[in-house]
Amino acid sequence: MQNRICVIDGQGGGIGATVIKYLKRAYGEGIELIALGTNAIATAQMLKAGANKGATGENAIVRTVADAHCIVGPIAITWANAMLGEVTPPMAEAVTSSLAAKILLPLHQERVEIVGIVKEPLPHLVEKVVEEKIKEVLNHV
């Protein structure tokens, strides 16, 4: 069975699309990339970036993360009502309760300050995700 990585994003899907492009370039068809959007636009952008499959909305996210090996997305996917309300409480609970490894990017729009995090551009963060963290997860599956 292929390693299943769920990439979750909302709003315009730009973060998720960037993550998927980098993962696809690094791992090709060696992993199964599932795009999970909090809205249809985000899902469409991640599919366009190269995800193998995609689904949208609360039920899709809640059901799919249960079978994931790894979940990647902005930290706000773990916060109820984040992303202007697109992340519902059941979505946040499903992500945090999933047995999958979670790799969270410190990007958010909420009025939250995470102390100790160095602000870096999205491409630098995604390079670290792909080159370091995903390798660690895949080596332990």
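Assuming 1.002 mPa s and 20 °C, estimate D for region 1-116 with Stokes-Einstein, Rh taken as the Kirkwood radius over Cα pairs, in µm²/s.
Result for D is 157 µm²/s.
What does the highest-first list of 84-91, 112-119 look like by mean Cβ count within 10 Å?
Answer by packing, highest mean first, reads 84-91, 112-119.
Take every Cα pair under 8 Å in the chain that's 6+ residues apart, average their separations, divide by the length, and report that relative contact order as a whole percent.
In percent, rounded to a whole number, it is 24.
Counting Lys +1, Arg +1, Asp -1, Glu -1, what net charge surrounds residue 55 among other residues with beta carbon under 14 Å of its beta carbon?
Local net charge: -1.
Once you charge only the Cβ atoms, +1 for Lys and Arg and -1 for Asp and Glu, what is the size of the charge dipole of region 3-139 about its Cα centre, to the nearest 20 debye?
Dipole size: approximately 260 debye.
What is the local net charge at residue 38, summed over the other residues whose Cβ is closer than 9 Å to its Cβ (Lys, Arg +1; Asp, Glu -1)? Mind showing how you got there, number by number?
Details: positive: none; negative: 9, 58, 86.
Within the 9 Å Cβ shell, the charges total -3.
Would you mind checking 48/135; 53/102; 24/119; 48/133; 21/53 for any pair whose Cα atoms are more than 22 angstrom apart?
Result: 48/135; 24/119; 48/133 exceed 22 Å.
Can you order the peptides 43-50, 123-130, 68-75, 6-13 by their average number of other Cβ atoms within 10 Å per residue, highest first?
6-13, 68-75, 43-50, 123-130
Given a Förster radius of 22 Å and the C-beta distance between residue 58 and residue 114 as r, what FRET efficiency does 1/(1 + (r/R0)^6) yield to the nearest 0.05?
0.30
Computed from the coordinates by the stated procedures, all read-outs in this text should not be read as laboratory data. The structure displayed is predicted, hence computed values, not measured ones. Virtual Cβ from ideal backbone geometry, glycine too; neighbours counted across all protein chains shown.
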